[in-house]
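*Asks:* Pasting in a structure now, in structure tokens, and then I'll have a few things to ask.
The values are calculated or read from the model by the stated rules, or taken from the named source; none is laboratory data. Treat the numbers as computed from the prediction; the structure is a model and nothing was measured. Quick reminder, even Gly has a Cβ in these numbers, built from the backbone with ideal geometry, and neighbours come from all protein chains shown.
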Amino acid sequence: MLRRHVVPAVALALGLAVRPGAAQSAALRPAEAARAVRSLLQQGVQAAIDELGQADGFWSRPRVRIGLPPYLDDAATVLRSTGQRQRLDELHRALNRAAEAAVPLGRELLLQTVQRISVDDALALLRGGDTAVTAFFERRTREPLTQRFKPVVQRATEQVGLARQYDAVAGRAERMGLLRPGEGSVAEYVTARTLDGLFATVAEHERRLRDNPADAATSLLRRALQLR
């Protein structure tokens, strides 16, 4: 029931940015625009976190499902032929379970970021492109979210023995320049992919909602729609 109200609300909010420079920006006072954006972005962030931060939030969605780290993925065929199939499958699922456990931890930080949106930022978001909101959050939150997610991911992946083996082998490969930075640790890899999935989901909602701003859920949104 909640998401049926959340999605239309965010849809209309993001839809305001579809026609930059039009009457809606001039008719709404800057402070009103900022309040509207804060409220509506808050709802949008919560919808994205609720979608991913549950059982199978990553695992059941191919677009964000986290695959095996590249080093292991390349060797998966050989490893499976040597009796490692079950352990590889356990690791694959554990990576996604770790992401699902980590995502809700970002809720407070993201919502705090929403509340700190300035009037100038709000106006820029209203006039932004298809993924302006996503870019705004990623610039301001990716690094602190990395620090918040990584310990949770680390604890989850440490429970899988193959993850420790991967860290030992891949860490050496990274120091030799055979892997890119961040690929030498399962926790770093999963943390990065978790954030990729989170921001990709926000971007997907943003694009879709900008294209479908028809449903107004509040009086503020209805007023804004009338001013377009």
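*Asks:* Starting from segment 92-121, take each residue that is more than 13 Å from Phe136 (Cα to Cα) and in contact (Cβ under 8 Å) with a residue 24 or more places away in the chain and list its partners that are basic (Lys, Arg) and outside any helix (DSSP H, G or I), counting only C-beta distances under 8 angstrom and pairs at least six apart or across chains.
*Replies:* Asn96/Arg65
*Asks:* Right, something else. Please work out which residue is nearest to Arg61 (Cα to Cα), limiting yourself to segment 82-123 and to residues that are at pLDDT 85 or above and among the hydroxyl-bearing types (Ser, Thr, Tyr).
*Replies:* The qualifying residue nearest to Arg61 (Cα to Cα) is Thr113.
*Asks:* Let me ask you something else. Quick check, is Gln46 at negative phi, assigned to a helix (DSSP H, G or I), among the polar types (S, T, N, Q) and exposed (fewer than 15 other Cβ atoms within 10 Å of the Cβ)?
*Replies:* no
*Asks:* Can Pro151 be described as surrounded by fewer than 17 Cβ atoms within 10 Å (Cβ to Cβ), at pLDDT 90 or above, farther than 18 Å from Leu52 by Cα and touching a helix residue (DSSP H, G or I) at 6+ places or on another chain (Cβ under 7 Å)?
*Replies:* no
*Asks:* Here are some residues: Ala26, Ala34. Which one is surrounded by fewer than 21 Cβ atoms within 10 Å (Cβ to Cβ), modelled with pLDDT of 70 or more and assigned to a helix (DSSP H, G or I)?
*Replies:* Ala34
*Asks:* If you don't mind, there's one more thing I want to ask. Take the residues of segment 124-165 that are under 30 Å from Gln86 (Cβ atoms), hydrophobic (A, V, I, L, M, F, W, C) and in a helix (DSSP H, G or I): which is nearest to the chain's Cα centre (by Cα)?
*Replies:* The selected residue is Phe149.
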